[in-house]
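Please read the structure below before turning to the comments.
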Amino acid sequence: MSFYRLCCAVLLSFCSASLHASAWHESQPTAAGKRSIKQVIKTYHNDSLKRLLPLFVAAKVDYPPQKITLLASKRSRRLELWADSGEGFKYINTYWIRHASGTAGPKLREGDLQVPEGIYEINALNPNSKFHLSMKLNYPNSFDLEKAKLEQRHQPGSNIFIHGKTSSVGCLAMGDQNIEDLFVLVERIGPNNSKVVIAPHDPRLLSLFPVPDHLPEWTGELYKQIQQQFEQFSQ
């Protein structure tokens, strides 16, 4: 990454922060007293960029990148940010998860307090969350729905978010400053360019295996997929 490209990228980001809004953003209704995504970006972009840009410079990754992957470990409460600007994914930063309810094992039903485990996408940004800001995951995804149908579970749950504040039930609470940075970053690159992989623990340190015994038989299949995802990323 040349110094010229970096300067251009920074200038472009600053200049567009208060003006940029895609058709998707503009389509979001803004009731009285509610913030639009555009307004949130205008509020938090510059401060977030001051925190994010040095991390990207140190990793030698263009900002904004083309795509990101977030690796979440429930046991250690760590969320790793990896980014790719066209030359492969590189490690950017680790954020501490302030709270994640439940235990090891996938989410199975509404109200079980479990944070899901699997491979997800961010499919919506919520600028008016009661948890400051939030990013909605596509849980249940096709794998979750397939297993729920197989086991005749009609309410596998929904509305799983990565959000601010320090408490949560079934979601990942990141604290307000961390969610501001992640929200701004995801908005810059587009939610469809973001992947989130959630594991019971970091499978690069200890292989995943379905314990305790009460977990569904297909948990081993899920853990194999999660392990393969994590193993693509090493510092």
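The values are calculated or read from the model by the stated rules, or taken from the named source; none is laboratory data. Being a predicted model, the structure only gives us computed values, none of them experimental. Cβ: placed from backbone, ideal geometry, glycine included. Neighbour counts: every protein chain shown.
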Options ARG77, ARG153; residue that is at positive phi and not small (Gly, Ala, Ser): ARG77
Segments classed as helices (runs of 4 or more DSSP H), wholly inside the stretch 1-104, with at least 3 members that are modelled with pLDDT of 95 or more and over 17 Å from the mean Cα position of the chain (by Cα): 37-59
task: For the stretch 195-202, indicate whether the set of residues that are at pLDDT 95 or above and closer than 28 Å to THR43 by Cβ is non-empty.
output: yes
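Working carefully through the options SER134, SER129, SER142, find the one that is of a type outside the set (A, V, I, L, M, F, W, C) and either under 28 Å from LEU215 (Cα atoms) or at pLDDT below 95 (or both).
The conditions single out SER142.
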- prompt: Restricted to the stretch 105-120, and to residues that are among the hydrophobic types (A, V, I, L, M, F, W, C), at negative phi and in a loop (DSSP other than H, G, I, E, B), which residue is nearest to the chain's Cα centre (by Cα)?
  reply: VAL115
